[in-house]
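Some notes on the structure that comes next.
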Amino acid sequence: FFAMNTYISMTAYGDQADSVLEEAESRMKELEALWSVTEENSDIYAVNHSNGSPVTVSDETAENLSFALEMAAETNGALDPTIYPLVSAWGFTTEEHHIPSDDKIQEMLSLVGYEKIRLDENQVQLPPNMMLDLGALGKGYAGDTVIQLLKDRGILSALVDLGGNIQTIGMRPDGMPWRLGLQDPFGGENLGVLSVSDCAVVTSGNYENYFIGEDGKTYGHIIDPVTGYPVESDLASVTVIAAEGKLCDALSTSLFVMGQDRAVNFWRQRQDFEMILVTSTGEISVTEGIADQFSPADNEEVDVIYR
Ligand code: ADP
Ligand code: MG
């Protein structure tokens, strides 16, 4: 089915799989209805049209926003849930892509800054004209919610695919790990195969949602909150592997903003995720914790990143 701007497919094995998957689908649609930027009844819409007044939001929205703010701080603002005015100025919200004027970019940059959001339990206060958008991590959070629901209903083996965000429960029914084909950011057949169980795998890059400007340059949908321009990364894609989808989703977007060196430093400071980087020149590197589980296509060379 289609939700959260993407195609979602869910596979579960077990007695009640059919009815559990139906329940999961409606849960996903509930979350979409809370977080839609355009749907007038959503929590996010209410906050974005509050003109600076406090708004009471659902527990799920408060939790998701709280996590977004935590990750924004931990990534030094590489992830910024208030980036929407810029995403919109570049036309990514309407598909009417264009390069904004420098004045426009400066004006929009003044409306970006996660530190200005106030969150107190279920109350959110956002300064006038600023806009919240949980698009960079909503799918991950929704995936976690659905995975938990499936587990609560006794499902021991499942794979949820939210437009390329993959989350798994257990092993395949034949007892083997799930084998995930990772997308080649340069449009080739496959980057390689990752064997996993019980985890989330999320990729970000600028290879899917981008446009070519009047100046002939390529502009992608991930925006650098410092410059206000689409990220010109030395990376083509970042895949993050971790227990939870929300961490993977938040990190894949922000590590892409950081670029290779900062991403590797960030990984060295933490113990809660692994990653696969593809540079803009096509080199693949894999962090040591996941290296054994990744087999590149065509025996491509892979660098291992050590702690
Ligand atoms: P996708 O949604 O395509 O899977 P991501 O998870 O990487 O990709 O999220 C990208 C989306 O997040 C963009 O389309 C945009 O709405 C929003 N975004 C862009 N740049 C940032 C940023 N620096 N911080 C937070 N959100 C961003
Ligand atoms: Mg993301």
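Read-outs throughout are calculated quantities, based only on the coordinates presented, and are distinct from any laboratory measurement. Only a predicted model underlies this, so the values are computations on that prediction, with no experimental measurement involved. Neighbour counts are summed over all protein chains in view; Cβ atoms, including those assigned to glycine, are modelled from backbone coordinates with ideal geometry.
Observations
- Over the chain, dividing the summed -39,500 (n - 2.57) contributions of all DSSP H runs of at least 4 residues by the number of residues returns a 222 nm mean residue ellipticity of -9500 deg cm²/dmol.
- Between Met176 and Asp298, the contour length at 0.36 nm per residue exceeds the Cα-Cα span by 41.7 nm.
- Computed over the chain, relative contact order equals 16 percent, with contacts defined as Cα pairs under 8 Å that lie 6+ residues apart.
- Maximal additional length on extending the Lys217-Glu115 stretch stands at 33.5 nm, based on 0.36 nm per residue less the C-alpha distance.
- Global geometry of the stretch 22-94, whether rounded, prolate or oblate, following the gyration tensor of its Cα atoms and the 1.5 cut on a/c: rounded
- Ordered by the number of other Cβ atoms lying within 10 Å of each residue's own Cβ, fewest first, Cys199, Cys248 fall into the sequence Cys199, Cys248.
- All aspartates and glutamates inside 17 Å of Lys116 as judged from Cα atoms, apart from same-chain residues fewer than 8 positions distant: Glu70, Glu74, Asp80, Glu107, Asp133
- Cα shape, the stretch 126-236, gyration tensor, a/c 1.5 rule: oblate
- Global geometry of the chain, whether rounded, prolate or oblate, following the gyration tensor of its Cα atoms and the 1.5 cut on a/c: oblate
- Centroid-to-centroid separation of the stretch 67-104 and the stretch 238-286 [C-alpha atoms, Å]: 20 Å
- Here the scattering of the stretch 72-177 is modelled by Debye summation over its C-alpha atoms, one equal scatterer each and no solvent; at q = 0.16 Å⁻¹ the log10 of I(q)/I(0) is -0.86.
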